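The values are calculated or read from the model by the stated rules, or taken from the named source; none is laboratory data. All values reported here derive from a predicted model rather than from experimental measurement. With ideal geometry, Cβ positions are generated from the backbone for all residues, glycine too; neighbour counts draw on all protein chains shown. Accessible surface is based on the protein model in full, side chains and every heavy atom, while ligands, DNA and RNA are left aside. Shrake-Rupley method; radii C 1.70, N 1.55, O 1.52, S 1.80 Å.
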Amino acid sequence: MLRIHFTLADLARIRIARRPDPLWEVLMSVYLLRKPRTEVVLGGWRSQAKRRLTQSTRPLLDLVPASGSSPDFLTPPGGGTLCEGIDTLLSTPRSRLAADFAHLAEERPLPSWTVDLAEGRPPALRMVANALREYFHTCLAPHWDAVATTVHHDHTRRAQLMADQGIDAVLSTLSPAATWRFPVLSIDYLFDHDVRLDGRGLLLQPVVFGRGPNPTTLIDPALPPVLVYSVPLAPDVITPVEPDRRRAGDPIVALLGTTRTRILRALDSTGATTTELARRAATPLPTASRHATALRDANLITSRRHKNMVIHAITPLGTALLHGRQPRLN
């Protein structure tokens, strides 16, 4: 049983996230992939995502079991973008890593490579960061608009519920597995776990790729308190992404290849950062960056740096190539 202990001050400091947290979505979706049975609503996504896993994403499968605990450092506090979350992860203190893996070692055997991770060695941390990036851009990025919309709708609904009926109504409706009787929120859990908020408040973080009706939280109760709960989904919200059907019969594909064609078409209407380009083209971030360089070298796109981002745009030559017409000469 998970028991979250509130004070009156904590009730006034409850926050409901209005945006999805990329690293929590990664974590919970990996749990979903590791389950032995197929989910009804997310079954199509699950089957497709399993086919897209690569050796580079293997560290995530080693760290996230089908059932049980995962290390807290995979979901650092602060939310934000994927890049911000990974930057925080890369600076995880050694004491945090050591505590995480000491707990995990009590639950299950761990792969030998995690010894370096538990000691905070940079190559091991970078390997995990690369696995997170590739997994996100391969398995989650094509659905991110739907994820963000779903979480936003949940925030709006719960904010209205809080305004109309108070915080009791919000806490009572988080999950069928949760029971709210002030001052304790009790949740069916894999093991006994008590979190005393002591005036710190609580962040309620909805996730779309949840692993079932039971909300979850971090192992270490001293970390900033968060409760992650699943958002109910209609069957057609997250569906498998159909591959690009335009193959060798398309002369642009024959010339550029499938991935570069997708990237060029993704820029046809408006510019994009490299991260946004990877999402639109449903390809990993390093792949999108590499192909964008090739397209830029061919004068089909331009790239300019703005602060810490690179923004890409299609050139007149690229537009002419896509639409089968002569470029306008100045």
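Things worth noting here:
- Pairs are defined by a Cβ separation below 6 Å, a sequence spacing of at least 6 or placement on different chains, a first member in the stretch 253-281 that is in a strand (DSSP E or B), and a second member that is of a type in the set (Val, Ile, Thr); the pairs so defined are THR273/ILE311.
- LEU53 meets each of the listed conditions (1) open to solvent by 20 Å² or more (accessible area, probe 1.4 Å); (2) closer than 26 Å to VAL170 by Cβ; (3) of a type in the set (A, V, I, L, M, F, W, C); (4) at pLDDT below 95 apart from (2).
- Meets criteria (surrounded by fewer than 15 Cβ atoms within 10 Å (Cβ to Cβ) and either at pLDDT below 85 or under 30 Å from PHE73 (Cβ atoms) (or both)) for GLY324: yes
- Candidates ALA66, ALA118 - the one that is without any contact (Cβ under 8 Å) to a residue 40 or more places away in the chain and either under 30 Å from VAL184 (Cα atoms) or polar (S, T, N, Q) (or both): ALA66
- Restricting attention to the stretch 23-42 and to residues that are open to solvent by less than 10 Å² (accessible area, probe 1.4 Å) and of a type outside the set (A, V, I, L, M), the residue that is farthest from the chain's Cα centre (by Cα) turns out to be TYR31.
- If you filter the stretch 187-212 down to residues that are of a type outside the set (Asp, Glu) and farther than 30 Å from VAL237 by Cα, you find that the one that is modelled with the lowest pLDDT is PHE191.
- Condition check for THR92: in a helix (DSSP H, G or I), on the phi < 0 side of the Ramachandran plot and either surrounded by 17 or more Cβ atoms within 10 Å (Cβ to Cβ) or over 14 Å from the mean Cα position of the chain (by Cα) (or both): no
- For the stretch 288-302, a residue qualifies if it is buried (at least 17 other Cβ atoms within 10 Å of the Cβ) and either hydroxyl-bearing (Ser, Thr, Tyr) or not in a helix (DSSP H, G or I) (or both), and the qualifying residues are SER289, LEU300, ILE301.
- Strands (runs of 3 or more DSSP E) completely within the stretch 159-201 that count 1 or more residues being polar (S, T, N, Q) and within 10 Å of LEU2 (Cβ to Cβ): 184-187
- Test: residue in the stretch 10-17 that is in the same structural domain as HIS153 (by the TED database) and under 18 Å from the mean Cα position of the chain (by Cα): yes
- Search result, residues across the stretch 111-146 that are open to solvent by less than 70 Å² (accessible area, probe 1.4 Å) and outside any helix (DSSP H, G or I): PRO111, TRP113, GLY120
- Subset of the stretch 147-173 (residues that are open to solvent by less than 40 Å² (accessible area, probe 1.4 Å) and under 21 Å from the mean Cα position of the chain (by Cα)): VAL147, ALA148, THR150, VAL151, ASP154, HIS155
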